[in-house]
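So the structure is just underneath, and the comments pick up after that.
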Amino acid sequence: EVQLVESGGGLVQPGGSLRLSCAASGFAFSTYWMHWVRQVPGKGLVWVSRINTGGSDTNYADSVKGRFTISRDNAKNTLYLQMNSLRADDTAVYYCASGCLGTNCHKYWGQGTVVTVSS
Amino acid sequence: DIQMTQSPSSLSASVGDRVAITCRASQSIDNYLNWYQQKPGKAPKLLIYAVSSLQTGVPSRFSGSGSGTYFTLTISCLQPEDFATYYCQQSHSTPLTFGGGTKVEIK
């Protein structure tokens, strides 16, 4: 069974940092690009970042560029999102999602972890 | 950035109805168009990728069509479990962008 399990969310003050993790199992993690997507409750989906299979190529949404860093450890089947200089508008549910083999989409999704940025 | 415009933003339909949701891209995205279904409190689920390819396990009543900048998700015979929010996504170029969503409600 494919599983993506996010952790690391919580309440943090503006300007603070959090590190999200996403543990993958049930599929060949190292062969998939991986992504982070976020969603403010009641609002739409927003793509945040992606990383290639080897971890050498990354992309970010403008809203998080320079503050967030995506990385992965293929030996541990784990995806990370280091979030620094957090702002109130970063408050959202953060989903990790796999890419798709042979095309660009999100095949597998985690259940999400909630990040709340508030004083 | 490529803007994705979905319409309608919501619709009411009955079980057995045929439903169509449209998605327009601000520029050509070739066939890099995906559709997701999301139910309240749940993660999105991939329905269709590359315009018209049905993800494994997705019922055949879901279909996708279109090209260039105009795309359609059709549900041929709405079932009770189809009441959800649907999102299109372009994966042609980063930042990957989603449409605003279409909430399908029970009439």
## Note on the structure
Carbon/sulfur accessible area of chain B, % of total, 1.4 Å probe, equals 46 percent
### Query
If R0 is 22 Å, what FRET efficiency do you get for B:Ser93 and A:Asp89 from their C-beta distance, rounded to 0.05?
0.40
### Task
Please give every one of the lysines within straight-line cross-link reach of A:Lys65, meaning a C-alpha to C-alpha distance under 30 Å, and leave out same-chain neighbours fewer than 8 residues apart.
A:Lys43, A:Lys76, A:Lys107, B:Lys39, B:Lys42, B:Lys45
### Query
Under a Cβ-Cβ cut-off of 12 Å, what is the net charge of the residues other than A:Tyr32 that fall near it, where Lys and Arg count +1 and Asp and Glu count -1?
+3
### Message
Placing unit charges on C-beta atoms (Lys and Arg positive, Asp and Glu negative, everything else neutral), compute the dipole magnitude of the protein assembly as shown about its Cα centre in debye, rounded to 20.
### Response
160 debye
### Query
Ranked from the most accessible area to the least, with a 1.4 Å probe and all protein chains present, what is the order of B:Arg18, A:Arg38?
B:Arg18, A:Arg38
### Summary
Around B:Glu105 (Cβ within 13 Å, Cβ-to-Cβ, excluding B:Glu105; K/R +1, D/E -1) the net charge comes to +1
### Message
Computing the accessible area with a 1.4 Å probe over protein heavy atoms, can you report the carbon and sulfur percentage for chain A?
### Response
47 percent
### Task
Please give the net charge around A:Ala88, taking every other residue with its beta carbon less than 15 angstrom from that of A:Ala88, where Lys and Arg add +1 and Asp and Glu add -1.
+2
### Message
Summing both sides, how much accessible area is buried between A and B? Use a 1.4 Å probe and give Å² to the nearest 100.
### Response
1500 Å²
### Query
Relative to the isolated chain, which residues of region B:35-53 have their accessible area cut by 40 Å² or more in the presence of all protein chains (1.4 Å probe, heavy atoms, no ligands or nucleic acids)?
B:Tyr36, B:Ala43, B:Pro44, B:Leu46
### Computed accessible area, A:Thr53, all protein chains, 1.4 angstrom probe, square angstrom
50 Å²
### Message
List residues of region B:33-60, by number, whose backbone nitrogen lies under 15 Å from a label position 7 Å along Cα→C-beta of B:Cys77.
### Response
B:59-60
### Query
Per residue in region B:58-107, which ones lose no less than 40 Å² of accessible surface when going from chain alone to all protein chains (1.4 Å probe)?
B:Tyr87, B:Thr94, B:Leu96, B:Phe98
#### Entry: Solvent exposure of chain A as accessible area per residue, Å², 1.4 Å probe
44 Å²
### Task
Run the quick spin-label model on B:Gln27 and B:Ser53: label points 7 Å from Cα toward the beta carbon, then report their separation in nm to one decimal.
2.4 nm
### Query
Under the rule that a partner needs its Cβ under 4.7 Å from the first Cβ, which Cys of the protein assembly as shown have none?
B:Cys77
#### Entry: Using a Förster distance of 30 Å, the FRET efficiency for A:Thr69-B:Ser9 (Cβ separation, nearest 0.05)
0.30
### Accessible area (Å², per residue) of chain B, counting only protein heavy atoms and a probe of 1.4 Å
45 Å²
### Task
With r as the distance between the Cβ atoms of A:Gln82 and A:Ala28 and R0 = 22 Å, compute the FRET efficiency 1/(1 + (r/R0)^6) and round to 0.05.
0.35
### Message
Checking buried surface per residue: for region A:35-49, which residues lose a minimum of 50 Å² accessible area in the protein assembly relative to the chain alone (1.4 Å probe)?
### Response
A:Leu45, A:Trp47
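The values are calculated or read from the model by the stated rules, or taken from the named source; none is laboratory data. Model, not experiment: these values are computed from the prediction. Note that we place each Cβ from the backbone using ideal geometry, even for glycine, and neighbour counts take in every protein chain shown. With ligands, DNA and RNA removed, areas are computed over all heavy atoms of the protein, side chains included. Shrake-Rupley method; radii C 1.70, N 1.55, O 1.52, S 1.80 Å.
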